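*Asks:* One structure coming up, written as structure tokens, with questions to follow.
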Amino acid sequence: MDAAADNDFLRIATDAQTIRFLQVALTILLTYNYVLSLDDEIEYIWKKRISSVSVIYLMLRYFGITYMLYSSVALVTNTISIDKAPTRSYPALSLWFNCLVSAANQIVLQLRLYALYSGSRRVLFLMVPGFVVETIVMIVCITLVTMSIDNTQLDLSVTVSASSNIALKIYIHQIAMMGYECLLFSAALSAALRRYREELDPLSSNWNQLTRLTDILIEGNVISFLISSVYSVINIVLLLTLKVEWVFGTLNIGFSLGVTIGCHLILQIRRAASPTLLDYDIGEDKSASLWPSIIFPYSSRRFARRR
């Protein structure tokens with residue numbers, strides 16, 4: 001019995017060390033991404049007039065890096081005694097921070113989707129109520145988890161579902177987020193496909209058509225929507241299959257991913273809306289709508305004008 005217990009403690013200690021390495025790696029990657037995008041940040045954030053989008057960017061970028069650095073230091077210097085290692089309370093603070101970043105990232109995705117549909121109010125009627133419902137569900141679920149953590153210690157060697165008191169709230173929260181992320185992706189994909197059908201040339205080769213579709217998906221940032229929705233699905237699978245220790249250890253993957261996607265998307269939107277691109281797209285016609293150049297900055301209108 002003692003040998004089995006010793007093996008469990010050893011496994012937990014080994015897994016904890018792996019999780020520390022994962023946390024440090026995520027922090028390094030997030031910092032590296034910040035360094036790579038620093039020139040764009042200076043050009044499109046600091047040199048521009050401060051707006052709500054700029055505030056979201058700064059919050060995502062600097063709060064994200066600060067929190068990841070704090071988490072890395074806390075994990076590396078963690079000295080929990082071995083007799084307390086087999087159980088832990090759910091990290092509600094990390095859950096709150098993840099939801100804050102997720103909400104900020106979804107606001108950016110909604111703004112991008114609003115632009116993809118050329119400012120259509122019908123899209124707002126679809127996005128805003130869904131976002132409000134999702135946010136309410138997340139806040140209620142996380143509040144209930146926070147209220148119960150003092151009385152609930154989770155066994156690190158089992159799955160989250162073993163603690164029915166917390167599992168149901170966590171699952172509802174994650175399912176609500178997954179549903180909304182998939183809704184955003186579906187709407188973005190629909191906008192891109194509509195654009196593709198409008199530009200489709202029946203005389204062009206299949207390869208050219210495929211290339212144009214790929215360009216539209218990239219230019220419309222549909223890949224960002226796809227990554228967010230795919231991760232939300234993967235996160236549900238991880239919650240159902242991984243042991244509690246690894247669920248805790250992988251929480252910050254979603255956090256760092258949300259920070260990266262949100263910041264990258266804001267910089268792309270700002271770059272696409274820069275005066276140079278708009279003037280190049282619109283040319284002499286100053287009364288033309290600015291939406292197309294913001295939606296698809298490398299649209300075929302350029303090539304048509306060149307000819």
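*Asks:* Is it true that I65 is at pLDDT below 80, aliphatic (A, V, I, L, M), part of a helix (DSSP H, G or I) and in contact with a Leu (Cβ under 7 Å, 6 or more places away or on another chain)?
*Replies:* no
*Asks:* Restricting attention to segment 22-62, report how many residues are under 18 Å from F97 (Cα atoms), among the aromatic types (F, W, Y) and in contact with a Leu (Cβ under 8 Å, 6 or more places away or on another chain).
*Replies:* The number of residues fulfilling the criteria is 1.
*Asks:* Among V108, V73, which is of a type in the set (A, V, I, L, M), assigned to a helix (DSSP H, G or I), at pLDDT 85 or above and touching a helix residue (DSSP H, G or I) at 6+ places or on another chain (Cβ under 7 Å)?
*Replies:* V108
*Asks:* Could you tell me whether S293 is crowded, with 17+ Cβ neighbours inside 10 Å, modelled with pLDDT of 80 or more, part of a helix (DSSP H, G or I) and under 26 Å from the mean Cα position of the chain (by Cα)?
*Replies:* Spelling it out, it is not the case that S293 is crowded, with 17+ Cβ neighbours inside 10 Å, modelled with pLDDT of 80 or more, part of a helix (DSSP H, G or I) and under 26 Å from the mean Cα position of the chain (by Cα).
*Asks:* Across segment 114-158, which residue is surrounded by the most Cβ atoms within 10 Å (Cβ to Cβ) among those that are outside any helix (DSSP H, G or I) and either modelled with pLDDT of 80 or more or of a type in the set (D, E, K, R) (or both)?
*Replies:* Y117
*Asks:* Which ones in segment 236-275 are of a type outside the set (A, V, I, L, M, F, W, C) and over 12 Å from the mean Cα position of the chain (by Cα)? Can you show your working first?
*Replies:* In the first step, residues of segment 236-275 are kept if they are of a type outside the set (A, V, I, L, M, F, W, C); the result is 241, 243, 245, 249-250, 252, 254, 256, 258, 260, 262, 264, 268, 270-271, 274-275.
The answer is T241, K243, E245, G249, T250, Q268, R270, R271, S274, P275.
*Asks:* For the list (1) modelled with pLDDT of 85 or more; (2) aromatic (F, W, Y); (3) over 20 Å from N105 (Cβ atoms), I need the number of the one condition that F225 fails.
*Replies:* (3)
*Asks:* Still on this structure: State whether the residues of segment 244-262 include one that is outside any helix (DSSP H, G or I), exposed (fewer than 15 other Cβ atoms within 10 Å of the Cβ) and modelled with pLDDT under 85.
*Replies:* No, because not a single residue in segment 244-262 is outside any helix (DSSP H, G or I), exposed (fewer than 15 other Cβ atoms within 10 Å of the Cβ) and modelled with pLDDT under 85.
The values are calculated or read from the model by the stated rules, or taken from the named source; none is laboratory data. Model, not experiment: these values are computed from the prediction. As a convention, Cβ positions derive from the backbone with ideal geometry for all residues, glycine included, and neighbour counts pool all protein chains shown.
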